[in-house]
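A.B. asks: Okay, here's the structure, questions in a sec.
The values are calculated or read from the model by the stated rules, or taken from the named source; none is laboratory data. Model, not experiment: these values are computed from the prediction. Using ideal geometry, Cβ is built from the backbone for each residue, glycine included, and neighbour counts are taken over all protein chains shown.
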Amino acid sequence: MDPHELFLTAVRTVAVYLLVLVVIRVLGKRTVGNFAAFDLLVALMIGEVVDEICYGDVSFLQGTTVIVLVGTMHAGNSWLSARGRGMDKLLEGEPTPIIREGALLTHGMKKERMNVRDVMAHLRLRGIRDLREVRLAAVEDDGEISVLLEEWAEPAKRADVDREAARQRKQPEPEFATDAAAHM
């Protein structure tokens with residue numbers, strides 16, 4: 001295989017990776033479902049390359065170049081995200097609050113391209129019928145919606161009705177800390 005052709009394959013791989021990553025990030029979190037944007041990108045690219053290698057549409061060496069390069073870029077992105085310093089927000093995004101203290105946050109809903117019906121459907125799936133029960137709801141990096149209930153809306157626990165269980169109970173459960181809560 002010509003080294004120049006392998007170099008062009010590597011350049012095209014990086015360009016496609018970056019292009020698709022930008023498109024996925026622009027489309028929003030709910031587009032990627034339960035995947036982080038990078039995970040979806042890697043699955044799509046490697047799946048397509050493996051198909052091309054198996055059917056002989058690209059040489060094994062070209063396919064291997066793409067797979068190794070995509071894997072390396074994914075590892076690099078994970079490393080940058082784990083180091084923090086704002087790179088995780090740029091690369092993976094951050095939670096977007098859509099409900100606070102029982103009130104819909106229209107700016108967050110617009111950012112995530114959600115309407116009231118979408119939000120209420122997600123709440124109903126969690127057994128929540130009234131917005132006033134929700135202290136905070138946010139669309140997480142992977143498109144899932146996390147919900148924190150008001151204390152009075154939390155289900156009763158054994159310690160709530162049994163004094164002995166209440167005494168044995170250790171510290172209260174830690175608050176659900178998210179980047180969304182920190183940004184409010």
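A.B. asks: Assigned to a helix (DSSP H, G or I), farther than 30 Å from Leu6 by Cα, of a type in the set (D, E, K, R) and touching a residue at least 24 places away in the same chain (Cβ under 8 Å) - does that describe any residue in region 116-129? Walk me through it before giving the result.
C.D. replies: Initial filter on region 116-129 (assigned to a helix (DSSP H, G or I)): 116-125.
Adding the requirement that they be farther than 30 Å from Leu6 by Cα leaves 116-125.
This time we only want the ones that are of a type in the set (D, E, K, R), so: 117-118, 124.
Cutting the leftovers down to touching a residue at least 24 places away in the same chain (Cβ under 8 Å) gives us none.
No, region 116-129 contains no residue that is assigned to a helix (DSSP H, G or I), farther than 30 Å from Leu6 by Cα, of a type in the set (D, E, K, R) and touching a residue at least 24 places away in the same chain (Cβ under 8 Å).
A.B. asks: Right, something else. Return a yes/no flag: does region 89-99 have any residue that is without any contact (Cβ under 8 Å) to a residue 24 or more places away in the chain and at positive phi.
C.D. replies: Checked region 89-99: no residue is without any contact (Cβ under 8 Å) to a residue 24 or more places away in the chain and at positive phi.
A.B. asks: Then there's this: Could we say that Lys157 is in contact with a strand residue (DSSP E or B) (Cβ under 8 Å, 6 or more places away or on another chain), surrounded by fewer than 18 Cβ atoms within 10 Å (Cβ to Cβ) and modelled with pLDDT of 75 or more here?
C.D. replies: On the way: in contact with a strand residue (DSSP E or B) (Cβ under 8 Å, 6 or more places away or on another chain): no; surrounded by fewer than 18 Cβ atoms within 10 Å (Cβ to Cβ): yes; modelled with pLDDT of 75 or more: yes.
For Lys157, the condition - in contact with a strand residue (DSSP E or B) (Cβ under 8 Å, 6 or more places away or on another chain), surrounded by fewer than 18 Cβ atoms within 10 Å (Cβ to Cβ) and modelled with pLDDT of 75 or more - is not met.
A.B. asks: Separate question: Output the qualifying pairs, or none if there are none: Cβ atoms under 9 angstrom, residues six or more apart or on different chains, first residue in region 49-61 and farther than 16 Å from Glu5 by Cβ, second residue at pLDDT 90 or above and surrounded by fewer than 15 Cβ atoms within 10 Å (Cβ to Cβ).
C.D. replies: Pairs that qualify, where the first residue is farther than 16 Å from Glu5 by Cβ and the partner is at pLDDT 90 or above and surrounded by fewer than 15 Cβ atoms within 10 Å (Cβ to Cβ), are Asp51/Asp57.
A.B. asks: For region 51-68, check the following and say yes or no: at least one residue is on the phi > 0 side of the Ramachandran plot, outside the structural domain of Glu133 (by TED's automatic domain parsing), more than 13 Å from the chain's Cα centre (by Cα) and not charged (D, E, K, R). Spell out how you get there, then give the answer.
C.D. replies: Step one: list which residues in region 51-68 are on the phi > 0 side of the Ramachandran plot, which gives 56.
When the remaining residues are screened for being outside the structural domain of Glu133 (by TED's automatic domain parsing), the result is 56.
Then keep just the ones that are more than 13 Å from the chain's Cα centre (by Cα); that gives 56.
Going one step further and asking which of them are not charged (D, E, K, R), we end up with 56.
Checked against the condition, which is being on the phi > 0 side of the Ramachandran plot, outside the structural domain of Glu133 (by TED's automatic domain parsing), more than 13 Å from the chain's Cα centre (by Cα) and not charged (D, E, K, R), region 51-68 yields at least one hit.
A.B. asks: Next up: Can you tell me which residues in region 53-63 are surrounded by 15 or more Cβ atoms within 10 Å (Cβ to Cβ) and in a helix (DSSP H, G or I)? If you could, list the steps in order and put the result at the bottom.
C.D. replies: Here is the first cut: in region 53-63, the ones surrounded by 15 or more Cβ atoms within 10 Å (Cβ to Cβ) are 53, 58-59, 62-63.
Correct list: Ile53, Gln62, Gly63.
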